[in-house]
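Colleague: Sharing a structure here in structure tokens format.
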Amino acid sequence: MKKEIGIWSLLLFLCGASSCKEKSISYQIPEEEDHIMGDMWKNATDIPLYTDVEITDSYYVFTDYENEGLLHVYGKNNPSAELAAAKHGRGATGLVSVEFVKSNTRYPSESDDVWIIDNKSRLKQVRCKKDSLMVVRDITLPVNLNRSIDYNITKDEFYGVPSVGERNKAFYFFHPDSGYYWVDMYGMDKKRYTKNNIACYANLLVHEKRESIVCAYRFFNKIQFFDLRGNISKDIFYGKDCIEPKDNTVEPANFKDNLKCFIDIYATDQYVFCVYDGSYDYTNLSKIIIFKWDGTHVKTWQTDRIIKSIAVDKSNSYLLALTANESKGRDIVRYKLE
């Protein structure tokens, strides 16, 4: 009898230990936030429709997909004068379509360099100066690398999210010699989505030195942290109710059928900043949810604007945001972080 009790006690202990381990992975963030007000840095009336922003030591750099200029550079203390712009065109100095690289630890950079992907095919190092932009390095991407968003480049591999999605997958990492390794969204039933190819669409950031990856999902109110091999470390649920997309093929005609959750992500060495929308048509005032790189929640800000894209200075003192205005333009707003 004593032997049976001992066995049952051991089993209960092991089950309890397993349960505690699982609980340490998953947690919920309630909808409790502090309010934060932004200061106008530049009004949208005299600028193109900027789509993304990056901060260097000396400059603010913006992307613009609708007009001739593709990169625009301003001094941090002078919003009235554009210092330099890269124009559309092919060849050594021209750009076709650009997006900022989310992280890069493979290639060295100077303090006013930005790394971009041009035309989904070339990696370029662009040096910003007060009167010019110069491409100082131009590297062809591997020919079998998927057209992607949120490119992250580590010493040995490329990380990204396929532009057209990959059913039930969160992201990949890729090496030219060994090919792709696909990482599932943690907790996802592989048979859950058969029609919606972008259900698990994620905003992706990699910090190689901290051995951490964060995925903030577009159609789920979830943020997940992984190690560099795709093993889950934190599974975070934001809000009260579960949000998930429908299993329908997503097309422009029905894009508003799915509620939008996390729409942008940015990181410094210390923190990860996630932009949460929570509407069907990107019309809610945005929230900024901040984490440490180990997945610990730090703070949630309720902002006063509809934010489309952000960047944060490396000292974590302020956040620069592209925000929608009533005229369908995008103002540039600074938020002081406490």
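The values are calculated or read from the model by the stated rules, or taken from the named source; none is laboratory data. The model shown is predicted, which means the values in this text are computed figures rather than measured ones. Note that we place each Cβ from the backbone using ideal geometry, even for glycine, and neighbour counts take in every protein chain shown. Only protein heavy atoms, including side chains, enter the accessible area calculation; ligands, DNA and RNA are left aside. Shrake-Rupley method; radii C 1.70, N 1.55, O 1.52, S 1.80 Å.
Colleague: Just for the chain, what percent of DSSP beta bridges are antiparallel, to the closest 5?
Modeller: For the chain, the DSSP antiparallel bridge percentage is about 90.
Colleague: First compute the accessible area of the chain with a 1.4 Å probe, then give the percent of it belonging to carbon and sulfur atoms.
Modeller: Details: 8390 of 16780 Å².
C and S atoms contribute 50 percent here.
Colleague: Could you estimate the translational diffusion coefficient of segment 190-323 from the Stokes-Einstein equation, with Rh from the Kirkwood formula over C-alpha pairs, at 37 °C and 0.692 mPa s, in whole µm²/s?
Modeller: Once the numbers are plugged in, D ends up at 213 µm²/s.
Colleague: Once both axes come from the Cα atoms, what is the angle between helix 2-25 and the longest principal axis of the chain, in degrees from 0 to 90, rounded to 10?
Modeller: 10 degrees
Colleague: Quick one: Cα convex hull volume of segment 138-198, Å³ per residue?
Modeller: Roughly 98 Å³ of hull volume per residue.
Colleague: Something else: Which sequence of GLU211, GLU326 reflects their accessible areas, 1.4 Å probe, from the largest down?
Modeller: So the residues, ranked largest to smallest area, are GLU326, GLU211.
Colleague: Quick one: Cα centre-to-centre distance for segment 37-81 and segment 204-266, in angstrom?
Modeller: 27 Å
Colleague: Suppose every K and R has +1 on its Cβ and every D and E has -1 on its Cβ; what is the size of the dipole of the chain about the Cα centre, in Debye to the nearest 20? Numbers along the way, then the final one.
Modeller: Numbers: 45 positive and 48 negative charges, 164 e Å.
Roughly 780 debye for the chain.
Colleague: Amide H to amide H, which residues 5 or more places from GLY329 or on other chains are under 5 Å from it, using H placed in the peptide plane?
Modeller: The answer is none.
Colleague: With r as the distance between the Cβ atoms of ASP177 and ASN284 and R0 = 45 Å, compute the FRET efficiency 1/(1 + (r/R0)^6) and round to 0.05. Walk me through the numbers on the way to the answer.
Modeller: Numbers: r = 45 Å, r/R0 = 0.99.
Efficiency computed from Cβ-Cβ geometry: 0.50.
Colleague: Quick one: which residues, 5+ away or cross-chain, put their amide H under 5 Å from the amide H of PHE220? H built at 1.01 Å from N.
Modeller: Residues meeting the amide H criterion: CYS261, PHE262.
Colleague: Express in % the proportion of alpha carbon pairs of segment 140-251 at distances exceeding 25 Å.
Modeller: Pairs farther apart than 25 Å: 19 percent.
Colleague: Could you state how much accessible area THR283 has, in square angstrom rounded to the nearest 10, with a 1.4 Å probe and all protein chains kept in place?
Modeller: Its accessible surface works out to 80 Å², give or take rounding.
Colleague: Assuming 0.36 nm per residue, please report the length gained on full extension of the stretch ARG167 to THR268 beyond their Cα-Cα distance.
Modeller: Result for the pair: 33.4 nm of gain on full extension.
Colleague: In addition: Got a sec to turn the phi values of segment 123-130 into Karplus ³J(HN,Hα) couplings, 6.51 cos²θ - 1.76 cosθ + 1.60 with θ = phi - 60°, whole Hz, x for Gly and Pro?
Modeller: Each residue of segment 123-130 in turn: 9, 10, 9, 10, 9, 8, 10, 5 Hz.
Colleague: Another question about this same structure. Using the heavy atoms of the protein chains alone and a 1.4 angstrom probe, what is the accessible area of the chain per residue in square angstrom?
Modeller: Value returned for the chain: 50 Å² of accessible area per residue.
Colleague: Between VAL96 and TYR65, with labels modelled 7 Å along Cα→Cβ, what's the label distance in nm to one decimal, could you check?
Modeller: Going by the 7 Å Cα→Cβ label model, 1.5 nm.
Colleague: Leaving ligands, DNA and RNA out of it, work out the accessible area of LEU259 with a 1.4 Å probe and give it in Å² to the nearest 10.
Modeller: Solvent-accessible area, nearest 10 Å²: 40 Å².
Colleague: Any idea of LYS222's accessible area? Nearest 10 Å², probe 1.4 Å.
Modeller: 50 Å²
Colleague: While we're here: Please give, to one decimal in nm, the separation of the simple spin-label points placed at ASP184 and THR51, each 7 Å out from Cα toward the Cβ.
Modeller: For the pair ASP184/THR51, the computed spacing is 3.3 nm.
Colleague: Rg and Dmax in Å for the chain, alpha carbons only: what are they?
Modeller: Over the chain's Cα set, Rg and Dmax evaluate to 21.5, 86 Å.
Colleague: Taking amide H atoms as placed 1.01 Å from N in the peptide plane, list the residues 5 or more away in sequence, or in a different chain, whose amide H sits under 5 Å from that of ALA170.
Modeller: So ALA170 has HN proximity to VAL183, ASP184, MET185.
Colleague: In nm, to one decimal, how far is the ASN119 label point from the ASN231 one, both placed 7 Å along Cα→Cβ?
Modeller: Placing both labels 7 Å along Cα→Cβ, they lie 4.2 nm apart.
Colleague: Scaled to the compact-protein estimate 2.2 N^0.38 Å, what is the alpha-carbon radius of gyration of segment 70-222, rounded to two decimal places?
Modeller: Rg over 2.2 N^0.38 Å, computed on Cα atoms: 1.17.
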